[in-house]
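One structure is given below, encoded as structure tokens.
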Amino acid sequence: MRILVAPDKFAGTLTAVEAADAVAAGWRRTTPDDEVVAVPMADGGPGFVDVLQASLGGDLLAVTVEGPLGVPVPATLLLVKDASAGTTAYIESAQACGLDLLPRSSDGRSPEPGVASRASSYGVGQLIAAAVDAGAGRVVVGLGGSGTNDGGAGMLAALGASAEPEGALRGGPDALAGLTGLDMAAARDRLAGIELVAASDVDNPLLGLRGATNVFGEQKGLTGDEPKLAADAALTTFAQLAGRKTADAKGAGAAGGLGYAILLLGGSREPGFTTVADAVGLPDLVAASDLVITGEGKLDWQSMNGKVPVGVAELANAALRPCIAVAGAVEVGNRELRANGIEAAYALVDIVGREEAFARPADSLAAVAERVAKTWSRGG
């Protein structure tokens, strides 16, 4: 049998690359004669660059950029050269403004309350500038896992946009609240002739009840009605000066509004999963397989809304190939899984126990894959 292993990351424990390798290793223990192909996946969030580099190769360029609070942080962009299409740069916005770069609250799990009100996406603009300076004619920005809610104002500032008062674009929603003037000509000139793409599965607008603040603000520490109202009002002020119509576009609210800033610069949006799937040739790999395995840390209702497992399952169904999932935890029923193209799902916490799953995630995932192979492989 030919087995395709295409999981997302297991957040907090394994990268997508590590998860794919663990499943492949466990499967081979049971059926060493099966051909197992590991193709780690991502949807634009953390792990975007690593996943693409694992499949596409290319050159990694290390740079130092400003983190969300102005502290320098290391980041890496991927440059992939093509004889006919030129150089494409892949950027992971979370490396410059991710949730993990914000100080933690006392519980150690969530960001410090209110910190996102002053957090900036400036470092993302620096990454884009570095990609252009490196010769990229196409820049794909993976959006996801952001700790900012500034509408991409900081990103625009790093690319040359100016504001009145000075510095209003670089201090998060708090600073945007006082914005009175905006000039984006220099930022647009900086990217003249560059194809800019936002890779994100989020299709929310920038403002309002379905906007960046109200839907995603709490996970960034913007808790309570007052902070949300203030942040959304600040983004509204920004949008009135930058382009109110664009704020309503699908994906404008992705990554705290980074999607909005990319659209303002003439960029386009495409689903993050599709970006990665097309880049690695996933449809052809699925069609050439007898069984497809996907997964992520927690398989829940959010997974059913455009995330990697369902994206992989849709491709498998289109090719008439069975698809199963292995996850840290499974919180949806069999009926919903099958409705989304996943024939069966296996949870580490149910098979090896929660303590073992978190203490030794790679070994646990390999052990579960070894057991699953006995059911699904013809040689098992």
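The values are calculated or read from the model by the stated rules, or taken from the named source; none is laboratory data. Values in this document were obtained by computation on a predicted structure and should not be read as measured data. No Cβ is skipped: glycine too gets one built from the backbone with ideal geometry, and neighbour counts run over all protein chains shown.
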* Report those helices (runs of 4 or more DSSP H) wholly inside region 297-376 carrying at least 2 residues which are farther than 29 Å from residue 279 by Cα. => 334-339, 348-351, 354-359, 361-376
* Asked: Under the condition of being of a type outside the set (A, V, I, L, M) and part of a loop (DSSP other than H, G, I, E, B), which residue from region 80-106 is surrounded by the most Cβ atoms within 10 Å (Cβ to Cβ)?
  -> 93
* Residues in region 133-156 that are over 24 Å from residue 271 (Cβ atoms) and either surrounded by fewer than 24 Cβ atoms within 10 Å (Cβ to Cβ) or among the acidic types (Asp, Glu) (or both): how many? -> 3
* In region 1-38, what residues are surrounded by fewer than 24 Cβ atoms within 10 Å (Cβ to Cβ) and assigned to a loop (DSSP other than H, G, I, E, B)? -> 1, 11, 12, 13, 15, 31, 32, 33, 34
* Could you check residue 35 against (1) modelled with pLDDT of 95 or more; (2) over 30 Å from residue 374 (Cα atoms) and say which number it fails? => (2)
* Breaking point among (1) under 30 Å from residue 217 (Cα atoms); (2) surrounded by fewer than 16 Cβ atoms within 10 Å (Cβ to Cβ); (3) not basic (Lys, Arg), for residue 288 -> (1)
* Asked: What do you reckon, is residue 119 in a loop (DSSP other than H, G, I, E, B), aliphatic (A, V, I, L, M) and either at pLDDT 95 or above or not assigned by TED's automatic domain parsing to the domain that holds residue 59 (or both)?
  -> yes
* Asked: Does residue 57 satisfy being within 17 Å of residue 136 (Cα to Cα), touching a Lys or Arg at 6+ places or on another chain (Cβ under 8 Å) and either touching a residue at least 12 places away in the same chain (Cβ under 8 Å) or crowded, with 22+ Cβ neighbours inside 10 Å (or both)?
  -> no
* Quick one: residue 329 ticks every box in (1) at pLDDT below 95; (2) within 25 Å of the chain's Cα centre (by Cα); (3) on the phi < 0 side of the Ramachandran plot; (4) surrounded by 18 or more Cβ atoms within 10 Å (Cβ to Cβ) bar one, so which box is it? -> (4)
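Results for (1) farther than 23 Å from residue 42 by Cβ; (2) buried (at least 24 other Cβ atoms within 10 Å of the Cβ); (3) at pLDDT below 95, shown as yes or no for each residue.
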residue	(1), (2), (3)
303	no, yes, yes
313	no, yes, no
318	no, no, no
353	yes, no, yes
377	yes, no, yes
380	yes, no, yes
